[in-house]
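Trainee: What follows is a structure written as structure tokens; I'll ask about it next.
The values are calculated or read from the model by the stated rules, or taken from the named source; none is laboratory data. The structure displayed is predicted, hence computed values, not measured ones. So basically every Cβ, Gly included, is an ideal-geometry build from the backbone, and we count neighbours across all protein chains shown.
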Amino acid sequence: MPTAWESVHFVRGAAEADEPMGSKEKWWVELPQYGERPWLLKLARVDERDGTVSGEDWAEWTVHQLAEHLGVPSATVRPASLEGRRAIVSRSVLHDRLEYLDHGNSVLSARFPGYDQSVQGENPGYTPLAVRDALSEVAPPADGDWPSHFSAFDVWAGYVFMDAWVAGRDRHHENWAVVLRGGERRLAPSFDHGNALGFQERDDRRARMLLDEAHLQRWAERGTSRHFFGRPKLTELAWRALDLASPATRRFWAERLDAVSEDDVESVVAQVPRAIMSEVAHTFVVRLLITNRRRLLDGYSSS
Ligand SMILES: Nc1ncnc2c1ncn2[C@@H]1O[C@H](COP(=O)(O)OP(=O)(O)O)[C@@H](O)[C@H]1O
Ligand SMILES: [Mg+2]
């Protein structure tokens, strides 16, 4: 059974401290009915020119559901609204106050003293190889359905593999982290997936791509990382990371993707209400996921 889209509604005043990192309006909130951990309430951005709400909310929720199918650990996301404005809540990946996040840029600069932590766009020091080295002393997330010998980097490679599937272009060095607890260091579950699945496209363009398979294919092929050195294609980045991991890791994530059926994808996307995601956007997202899955699996078997 797919998880239902059940929105949590907030009124002003519910929100606690602002979250200083990242780019959107967001606040930490409590949801006692879902346990003790705080949740980060993030509003979907609105295009000031015409008031269009971007699909960051449905993209973030959908990617979390897909991550569950793939077996990639990811922050739990629920749909939300703040006085009628579309949003999501993302449950803290920290279990209690003994845990802290050490973001990728800090992890990388601890390993490479010259690493530039402040770069916003393409970063010459940001490569899968650098990430592998920086994670060498870090354990994988605590709960995961992967072989017991998996390292943090074997799991991190799964994050960029998932990004290639969902056309997620935002895996910059503050969009992954390590959880510190006393002397223990573990890769944090993946978070911040709103920038994916063509969330910002307009429906007329989605409709044109649905009429022309080659157009959709070209759009998918153009998906590059904005942050890694060389701005690689998302699929190239995924294969580079998996090649740096091991053949077994490569096979593991490819088999996990192979096991996600078109029905699985359709039933996840079908949960998003039509009032939030148009019919065209539903069809486009399903077609995009099927196309990218095929591209990745073809890439796996041809190499
Ligand atoms: N589920 C979460 N658990 C703990 N910290 C989080 C979680 N989600 C986001 N954060 C923190 O908040 C910051 C901003 O949130 P993010 O989801 O990345 O939003 P933005 O799209 O604005 O970058 C992250 O860099 C991270 O430090
Ligand atoms: Mg972010």
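Trainee: Across the range 151-181, which residue is farthest from residue 292 (Cα to Cα) among those that are of a type in the set (D, E, K, R), surrounded by fewer than 22 Cβ atoms within 10 Å (Cβ to Cβ) and within 16 Å of ligand 2 (Cβ to nearest atom)?
Mentor: Of everything passing the filter in the range 151-181, 174 is farthest from residue 292 (Cα to Cα).
Trainee: Regarding residue 71, is this residue touching an Asp or Glu at 6+ places or on another chain (Cβ under 9 Å), buried (at least 21 other Cβ atoms within 10 Å of the Cβ) and touching a residue at least 60 places away in the same chain (Cβ under 8 Å)?
Mentor: Taking the combined requirement at face value, the residue does not satisfy it.
Trainee: When residue 114 is evaluated against the numbered criteria (1) modelled with pLDDT under 95; (2) under 16 Å from the mean Cα position of the chain (by Cα), which criterion, by number, is the only one it fails?
Mentor: (2)
Trainee: Right, something else. Identify the single condition in (1) modelled with pLDDT of 95 or more; (2) in a loop (DSSP other than H, G, I, E, B); (3) of a type in the set (Val, Ile, Thr) that residue 119 does not satisfy, given that it satisfies every other one.
Mentor: (1)
Trainee: Then there's this: Do the conditions hold for residue 261, that is, is it modelled with pLDDT of 95 or more and away from ligand 1 (no atom under 16 Å from the Cβ)?
Mentor: Taking the combined requirement at face value, the residue satisfies it.
Trainee: Here is a follow-up. Exactly one condition in (1) surrounded by 15 or more Cβ atoms within 10 Å (Cβ to Cβ); (2) at pLDDT 95 or above is false for residue 100; which is it?
Mentor: Of everything listed in (1) surrounded by 15 or more Cβ atoms within 10 Å (Cβ to Cβ); (2) at pLDDT 95 or above, residue 100 misses just condition (1).
Trainee: Please tell me if residue 155 is among the aliphatic types (A, V, I, L, M) and touching a Gly at 6+ places or on another chain (Cβ under 7 Å).
Mentor: The answer is yes for residue 155.
Trainee: To continue, here is another question. Of the residues that make up the range 172-189, is at least one in a helix (DSSP H, G or I), closer than 25 Å to residue 112 by Cα and free of Cβ contacts under 8 Å to residues at least 60 places away in the same chain?
Mentor: No.
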